[in-house]
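Everything below concerns the one structure shown next.
The values are calculated or read from the model by the stated rules, or taken from the named source; none is laboratory data. In this text, all values refer to a predicted model and were calculated from it rather than measured experimentally. Here the Cβ positions follow ideal geometry from the backbone for every residue, glycine too, while neighbour counts run over all protein chains shown.
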Amino acid sequence: MNSSDPRVRRTRARLRAAVLALAAERELGDITIAEVARRAGVNRATTYLHFADLDALVADAMDEAVAQVARAAALCPLDAPRDEVPQPLRDLFADVAANAVLYRRMLSPHGSARFAAGLRDRLAAELRQSFEGRPRPGVEDVPVDVHADYLAGALTGVIAGWTAARAPAGAAETALATWRLLRG
């Protein structure tokens, strides 16, 4: 399949939009490929030509959100004061708050394992890259890979827990608490 073909791009965009719209309405475990295809206005078989399964479609649909979260985390200056949340982290939590239903459903036990792993892996890769040649105050003796994996797992866990909370703290409050933990 030629990914540069405008018809392919349009079909994939419609499938992404359909699965995200359905995920905003109900849990991922309750969504079928047939429903996604119907919502997108394509044949179910067409959906399988583009995506192996629902999890692959969900992960692809959330790819830009994952990239945005990873970029924001990587931009945080590790030497910023403990009580001053870096703007990228504030922006990250504001974006997650605006899309809390999707994040909650994607990161829930009935969500998308591929999305959760992709988020963690992308975060770790961005953090590893951002650590290269930068001082990491207080953890100079920790290998970069271990530090990046640790922070990626922690941030993914905070996002999952925060969006799943019945009465979550605000984005600014959660960003500050997270920054204090990440900063040490």
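So which of Leu28, Leu57, Leu15, Leu22 is in contact with an Asp or Glu (Cβ under 8 Å, 6 or more places away or on another chain) and not assigned by TED's automatic domain parsing to the domain that holds Gln87? Lay out the reasoning, then the answer.
Details: Leu28 fails: in contact with an Asp or Glu (Cβ under 8 Å, 6 or more places away or on another chain); Leu57 fails: in contact with an Asp or Glu (Cβ under 8 Å, 6 or more places away or on another chain); Leu15 fails: in contact with an Asp or Glu (Cβ under 8 Å, 6 or more places away or on another chain).
Testing whether each residue is in contact with an Asp or Glu (Cβ under 8 Å, 6 or more places away or on another chain) and not assigned by TED's automatic domain parsing to the domain that holds Gln87 leaves just Leu22.
Would you point out the residue of region 93-116, among those that are crowded, with 23+ Cβ neighbours inside 10 Å and under 10 Å from the mean Cα position of the chain (by Cα), that is nearest to Glu27 (Cα to Cα)?
Residues of region 93-116 that are crowded, with 23+ Cβ neighbours inside 10 Å, as a first pass: 93, 96, 103, 105-106, 112, 115.
In the following step, the residues that additionally are under 10 Å from the mean Cα position of the chain (by Cα) were identified as 96, 103, 106, 115.
Numbers: Val96: 17, Tyr103: 11, Met106: 9, Phe115: 14 Å.
Across region 93-116, the extreme among qualifying residues is Met106.
Within region 130-137, can one find any residue that is more than 21 Å from Ala56 (Cα to Cα), at pLDDT below 90 and of a type in the set (Phe, Trp, Tyr)? Show your work before the answer.
First, the residues of region 130-137 that are more than 21 Å from Ala56 (Cα to Cα): 130-137.
Subset that is at pLDDT below 90: 130-137.
So of that shortlist, the ones also of a type in the set (Phe, Trp, Tyr) come out as 131.
Within region 130-137, one or more residues are more than 21 Å from Ala56 (Cα to Cα), at pLDDT below 90 and of a type in the set (Phe, Trp, Tyr).
What do you reckon, is Ala165 of a type in the set (A, V, I, L, M, F, W, C), modelled with pLDDT under 90 and loosely packed, with under 15 Cβ neighbours inside 10 Å? Steps first, answer last, please.
On the way: of a type in the set (A, V, I, L, M, F, W, C): yes; modelled with pLDDT under 90: yes; loosely packed, with under 15 Cβ neighbours inside 10 Å: yes.
Yes.
Answer with yes or no whether Ala148 is among the small types (Gly, Ala, Ser), modelled with pLDDT of 90 or more and over 25 Å from Leu20 (Cα atoms).
Details: among the small types (Gly, Ala, Ser): yes; modelled with pLDDT of 90 or more: yes; over 25 Å from Leu20 (Cα atoms): yes.
Here the answer is yes, as Ala148 does meet what is asked.
Condition (residue is part of a loop (DSSP other than H, G, I, E, B), more than 26 Å from Leu57 (Cα to Cα) and free of Cβ contacts under 8 Å to residues at least 60 places away in the same chain) applied to region 103-123: is it met by at least one residue?
Just the residues of region 103-123 that are part of a loop (DSSP other than H, G, I, E, B), to begin with: 108-112.
Checking which are more than 26 Å from Leu57 (Cα to Cα) leaves us with none.
Scanning region 103-123 turns up no residue that is part of a loop (DSSP other than H, G, I, E, B), more than 26 Å from Leu57 (Cα to Cα) and free of Cβ contacts under 8 Å to residues at least 60 places away in the same chain.
Report, by residue number, each residue of region 50-102 that is part of a helix (DSSP H, G or I), of a type outside the set (A, V, I, L, M, F, W, C) and touching a residue at least 40 places away in the same chain (Cβ under 8 Å). Steps first, please.
Residues of region 50-102 part of a helix (DSSP H, G or I): 50, 54-61, 63-74, 87-98, 100-102.
Going one step further and asking which of them are of a type outside the set (A, V, I, L, M, F, W, C), we end up with 50, 55, 60, 63-64, 68, 71, 87-88, 90-91, 95.
Passing the criteria: His50, Asp55, Asp60, Asp63, Arg71, Arg90.
With respect to the numbered conditions (1) farther than 30 Å from Arg180 by Cβ; (2) free of Cβ contacts under 8 Å to residues at least 40 places away in the same chain, which one is the sole condition not fulfilled by Val19?
(2)
Select from region 45-90 the residues that are surrounded by fewer than 18 Cβ atoms within 10 Å (Cβ to Cβ), charged (D, E, K, R) and either touching a strand residue (DSSP E or B) at 6+ places or on another chain (Cβ under 6 Å) or closer than 23 Å to Arg16 by Cβ (or both) and list them in ascending order.
Of everything in region 45-90, those that are surrounded by fewer than 18 Cβ atoms within 10 Å (Cβ to Cβ), charged (D, E, K, R) and either touching a strand residue (DSSP E or B) at 6+ places or on another chain (Cβ under 6 Å) or closer than 23 Å to Arg16 by Cβ (or both) turn out to be Asp53, Asp55, Asp63, Glu64, Arg71.
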